[in-house]
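Okay, so here's the structure we're looking at.
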Amino acid sequence: MTQVTAALKQRKIIHVDMDAFYAAVEQRDNPQLRGKPVIVGGDPGSRGVVATCSYEARQFGIHSAMSSVRAYRLCPQAVFVRPRFEAYRAVSIQIRELFNEYTDLVEPLSLDEAFLDVTENKPGIEFATQVAREILSEIRKRTELTASAGVSYNKFLAKVASDVNKPAGLTVVTPEQAQAFIAELSVRRFHGVGRVTEKRMLARGIASGGDLRQRSEEELQRLFGSSGPYFYNIARGIDNREVIPNRLRKSIGKETTLDEDCVDKGEMMIILDKVAKQVSELLISRKTSGLTLTLKVRYDDFQSVTRSHTQSEPIDDAGIMLDLADTLLGKTEAGPRPVRLLGLTVSNLTTDILLDESAQMELPFP
Ligand code: DCP
Ligand code: MG
């Protein structure tokens with residue numbers, strides 16, 4: 001195949017998204033919760049928020065990110081449960097393993113959703129719809145949970161499609177169907193259109209993909225800045241973004257820019273003490289440690305240097321990090337030379353940490 005035809009070759013993209021994920025795991029693990037409105041998140045008594053809720057609870061108008069107090073008012077009989085991230089993470093690992101049986105081109109967006117490029121797939125299945133059907137049925141078998149999938153020739157359409165027939169839905173948008181599908185779509189369902197953008201679009205008479213398509217690229221650029229060309233293209237079913245497989249995190253670190261350039265080593269050590277404590281907390285909260293500590297120093301002229309130390313004993317303790325940092329700092333010109341930034345990074349991690357695991361894991365649940 002020549003390069004040109006390879007580039008033109010239609011891609012086959014699947015977007016998979018678990019249904020009412022946290023709530024479904026809770027209902028699976030506690031049969032008493034099945035069939036009931038279940039809210040996962042903070043207590044209504046505290047200032048918590050809803051992470052998600054079961055489909056039974058959605059009938060009362062409850063949704064993610066709503067305050068738990070409001071959710072309680074809408075449905076006092078709902079059962080509130082605290083999130084159990086370990087259980088969700090376990091399912092996430094299971095479904096990612098399954099995805100990798102079909103392709104290495106898997107891009108997780110969160111614990112419960114991912115894009116898969118199955119143009120070439122490991123079992124050699126011709127139709128992406130067939131791959132999606134198998135994946136949904138395997139998810140059900142292996143996890144006792146349901147997911148929905150969207151199948152199309154690009155990420156935008158696959159993502160929107162996965163949401164169309166939730167729960168346990170499979171929606172295919174072929175190139176022939178794409179223009180009509182987009183024209184009917186309300187702009188709120190476009191990935192990248194939040195409440196604010198939706199309001200601005202509605203105020204200008206743009207309610208559907210069809211409306212969006214009437215507008216020139218210049219106008220959209222003027223209205224929505226750098227997102228303008230993206231909206232212009234997706235309104236035409238054009239989205240060339242590739243599925244980028246998520247790699248494992250290679251290091252965990254923190255750096256801090258000093259309020260003023262510093263020449264005093266004692267002051268630098270006070271800053272490094274703070275940084276070491278932060279890095280240590282990050283490592284411990286992720287239940288990991290690493291064999292290598294790297295100190296980064298940026299001088300006042302923006303030149304940066306790093307100095308590293310590797311040992312056979314894993315590092316996660318702030319005190320040990322600070323001792324090593326002291327030695328490493330001595331191997332730089334810091335002191336005579338003014339310093340504007342200091343950082344510490346631990347690498348050669350002793351466990352696998354997924355790069356994307358932060359987004360949803362660190363939501364506050366007071
Ligand atoms: N989540 C969260 N806070 C949010 C949104 C989501 O903590 N503001 C968590 C809880 C969800 C999970 O992420 O279970 C997945 O998010 P989804 O948007 O996919 O929502 P659900 O899977 O819960 O429901 P749906 O069936 O609509 O996909
Ligand atoms: Mg989901």
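No value in this document is a laboratory result; all are computed from the given coordinates. Treat the numbers as computed from the prediction; the structure is a model and nothing was measured. Cβ coordinates were reconstructed from backbone atoms using ideal geometry, including for glycine residues, and neighbour counts include every protein chain displayed.
Things worth noting here:
- A Förster radius of 35 Å, combined with the Cβ-Cβ distance separating ARG96 from SER312, puts the computed FRET efficiency at roughly 0.70.
- Between VAL172 and VAL151, the built amide H atoms are under 5 Å apart, and every one of these is 5 or more places off in sequence or on another chain.
- Between the beta carbons of SER216 and ASP261, assuming R0 = 30 Å, the FRET efficiency works out to 0.05 to the nearest 0.05.
- The range 240-301-the range 188-235 distance, computed between alpha-carbon centres (Å): 39 Å
- Evaluated at q = 0.11, 0.16 Å⁻¹, a Debye calculation over the C-alpha positions of the range 1-129 (equal weights, vacuum) places log10 I(q)/I(0) at -0.51, -0.81.
- Proximal charge balance of ARG307 [Cβ under 9 Å; K/R count +1, D/E count -1]: +2
- Positive-end residue of PRO167, TYR232, LEU283, charge dipole of the chain with Cβ unit charges: PRO167
- For the chain, the relative contact order works out to 15 percent when only alpha carbon pairs closer than 8 Å and six or more residues apart are counted.
- Global size of the range 191-234 as Cα Rg and Dmax, reported in angstrom: 9.2, 23
- Cross-link reach is defined here as a Cα-Cα straight distance under 22 Å, omitting same-chain residues fewer than 8 places apart; for LYS166 the lysines meeting it are LYS12, LYS36, LYS141, LYS155.
- Couplings for the range 30-43, taken from phi via the Karplus curve 6.51 cos²θ - 1.76 cosθ + 1.60 with θ = phi - 60°, read 9, x, 5, 8, 5, x, 10, x, 10, 10, 9, x, x, 5 Hz in order; Gly and Pro are left as x.
- Under 5 Å between amide hydrogens, built in the peptide plane, is the criterion, and for LEU109 it picks out ALA114, PHE115 among residues at least 5 positions away or on other chains.
- Mean separation of Cα pairs under 8 Å and 6 or more residues apart, divided by the residue count, gives the range 253-362 a relative contact order of 42 percent.
- Here the Karplus relation 6.51 cos²θ - 1.76 cosθ + 1.60, evaluated at θ = phi - 60°, turns the backbone of the range 88-102 into coupling constants of 5, 5, 4, 5, 4, 5, 4, 6, 5, 4, 4, 4, 5, 6, 9 Hz, with x for every Gly and Pro.
- Phi-derived couplings, Karplus 6.51 cos²θ - 1.76 cosθ + 1.60 at θ = phi - 60°, listed residue by residue for the range 340-350: 10, 8, 10, x, 10, 9, 10, 10, 6, 5, 8 Hz, with x used for Gly and Pro.
- For ALA51, the residues 5 or more places off, or on other chains, whose built amide H falls under 5 Å of its own are VAL40, GLY41, GLY42, ALA65.
- In the range 11-138, Cα pairs under 8 Å separated by at least six residues give a relative contact order of 27 percent.
- Cα point-scatterer Debye curve for the range 196-350, base-10 log of I(q)/I(0) at q = 0.17, 0.21 Å⁻¹: -0.84, -1.20
- Tilt relative to the chain, helix 175-184 - C-alpha long axis, 0 to 90 degrees, to 10: 90 degrees
- Rounded to two decimals, the Cα radius of gyration of the chain over 2.2 N^0.38 Å is 1.19.
- ILE244 versus ILE320: modelled label distance in nm, points set 7 Å from Cα along the beta carbon direction: 3.4 nm
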